[in-house]
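The numbers here are math on the coordinates, done by the rules we state, and not lab data. Treat the numbers as computed from the prediction; the structure is a model and nothing was measured. Every residue, glycine among them, receives a Cβ derived from its backbone with ideal geometry; neighbour counts consider all protein chains shown.
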Amino acid sequence: MDAFAGTGEVSTARQKNKRQTEMFDPETYREAKAVIEGSTRIALNIKPSFDSYTFIELNKKKINELKEKLHGHQQFDRVKFRQGDANSEVIEFCKTLGSKDRAVVFLDPFGSQVKWSTVAAIAETEKIDLWYLFPSGGGIYRQISKDGKVHFTHEDAITRIVGTEDWKTEFIKRHESRDLFDNFTITLEKTVDPKSAAEFMKKRMRTVFKGKVGDFSIPLGKHAYPTFHLLFASSNPSKNAIALANKLSQAAIQATDNNYGRPI
Ligand SMILES: C[S@@+](CC[C@H](N)C(=O)[O-])C[C@H]1O[C@@H](n2cnc3c(N)ncnc32)[C@H](O)[C@@H]1O
């Protein structure tokens, strides 16, 4: 299941340079127009193939575009396209899994769309491997100002994605002091960065996933501070599944060390 399926293509265009590149430099223009394969096609091309695929997308135009783009692919008849909210669709999907079914779910939100309850429902199935592009930078780090202030709407959003209010003490340090005149002051300081936000989420995931939560977190994003960290969790508690997940974890750490996981 790809729960934030998109249109089948990801554009790498840098809009702000578009006019300039169109006028002057054909090489940069080609680069600015580049598109890369979306996650759905990557999933469809995996060998051996899956028995079925479910692609979810909230936006009607996008899901229609996706259908059109994938039409004619060898695996097309195995794909269920669903227009809807990823959270409710994933929860419904979890309920449909029979005892022999196994699945992989990929969550690639724009920001803070994935609710903790969705992650917990996946864990509860004991049948799903989850790959989650967790919004460690965009959804958390950049929502807290240096002086520890968070707009109340962002406060709710952070609680919704991590499923607890404990982040408030973990991400923001409170300093209490008294001056010479005995005036009491409290100052706040942001102590979180995207990496520690991802570590916090991994700790949270370990409370519900009975299999293995990957030891790695792969940073992704164009900025000095990554926007996302790729996390992995396997809900299957069987010994074999955990052994496989451990192997995968090692491979992912190696890939990160080899710099494949560098910020892009
Ligand atoms: C980062 S893009 C996904 C890109 C895609 N994985 C790919 O590689 O091509 C996120 C997509 O999620 C869709 N989206 C946003 N909110 C959603 C929601 N609540 N449920 C399902 N899809 C949603 C957006 O329209 C957008 O196409």
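General observations
- On the beta carbon distance between Tyr225 and Leu58, with R0 = 25 Å, the FRET formula returns roughly 0.40.
- The range 90-162-the range 173-195 distance, computed between alpha-carbon centres (Å): 31
- Degrees separating the helix 116-125 axis from the principal Cα axis of the chain, which is the longest one: 50
- Under 5 Å, built H, 5+ apart or other chain: amide partners of Asp129: Ala103, Val104, Val105, Ser235
- Computed from Cα positions, the angle between helix 152-162 and the longest principal axis of the chain comes to roughly 60 degrees.
- Ranked list, fewest to most other Cβ atoms within 10 Å of each Cβ, for Asp101, Asp179, Asp108: Asp179, Asp101, Asp108
- Pairwise FRET efficiency - Glu176 versus Ile42, Cβ, R0 = 51 Å, nearest 0.05: 0.50
- Projecting label points 7 angstrom from Cα along Cα→Cβ for Thr256 and Arg206 puts them 1.4 nm apart.
- A simple charge model with +1 on the Cβ of Lys and Arg, -1 on the Cβ of Asp and Glu and nothing else charged puts the dipole of the chain at about 380 debye relative to its Cα centre.
- Greater than 28 Å apart at Cα, pairs in Lys47/Lys80; Lys100/Lys195; Lys61/Lys100; Lys173/Lys212: Lys100/Lys195; Lys61/Lys100; Lys173/Lys212
- Length gained on full extension, Ala243 to Glu155, computed as 0.36 nm times the residue gap minus the Cα-Cα distance: 27.9 nm.
- Ranked by how many other beta carbons lie within 10 Å on average, peptides 165-172, 91-98 from highest: 165-172, 91-98
- Compactness of the chain, taken as the C-alpha radius of gyration over 2.2 N^0.38 Å, stands at 1.14.
- Length released on extending from Val104 to Ala34, taking residue separation times 0.36 nm less the Cα-Cα span: 22.3 nm
- Degrees, to the nearest 10: 239-257 long Cα axis against longest axis of the chain: 70
- If both residues of a DSSP beta bridge must be in the chain, then about 65% of such bridges are antiparallel.
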